[in-house]
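All remarks here apply to the structure that follows.
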Amino acid sequence: MLLLTDFSIRFGWLVRQSADVENNMNSVERIIHYATEVEQEAPHELPDNKPPAGWPANGHVELRDVFLSYRPGLPLVLRGLNMTVQAGERIGIVGRYDKFPIHFMWLC
């Protein structure tokens, strides 16, 4: 009886260890896949396309007749928006977002 108990304990340990090895090998396969098969992103900064050192010295944002939907096929959420934000102005956008009743975002 003691031999069967010892066998079941050792068998359970063996199953647990083999599951751990399989999980670790899945991680290795995933790393190899990302390192060799996934297309790399462009670099964060492109030295050939750098703007001048003082840019932007000042400026503004102007939106003219903007129509926007969250994705193609959904109804428009903005229709004919026109606005201008001058340099140094702060604006806030208030609206529904997901399950929260009000979402507020500062744009500086």
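Descriptive notes on the structure:
- E62 vs. criteria among the acidic types (D, E) and outside the structural domain of R90 (by TED's automatic domain parsing): no
- Matching residues in the range 32-54 - criterion: being loosely packed, with under 10 Cβ neighbours inside 10 Å and among the hydrophobic types (A, V, I, L, M, F, W, C): A35, V38, A42, L46, A53
- Residues being surrounded by 10 or more Cβ atoms within 10 Å (Cβ to Cβ), in contact with a Phe, Trp or Tyr (Cβ under 9 Å, 6 or more places away or on another chain) and either at pLDDT below 85 or acidic (D, E) (or both) - total across the range 79-92: 1
- Pairs, first free of Cβ contacts under 8 Å to residues at least 60 places away in the same chain and of a type in the set (V, I, T) in the range 43-56, second surrounded by 10 or more Cβ atoms within 10 Å (Cβ to Cβ) and assigned to a loop (DSSP other than H, G, I, E, B), C-beta under 8 Å, six or more apart: none
- When the range 60-75 is filtered for residues that are assigned to a loop (DSSP other than H, G, I, E, B) and surrounded by fewer than 11 Cβ atoms within 10 Å (Cβ to Cβ), the ones remaining, listed by number, are Y70, R71, P72, G73, L74, P75.
- Single match in E22, E39 (criterion: on the phi < 0 side of the Ramachandran plot and part of a helix (DSSP H, G or I)): E22
The values are calculated or read from the model by the stated rules, or taken from the named source; none is laboratory data. Computed from a prediction, not measured in an experiment: that's the story for all the values here. A quick note on method: Cβ atoms are made from the backbone with ideal geometry, for glycine too, and the neighbour counts reach across all protein chains shown.
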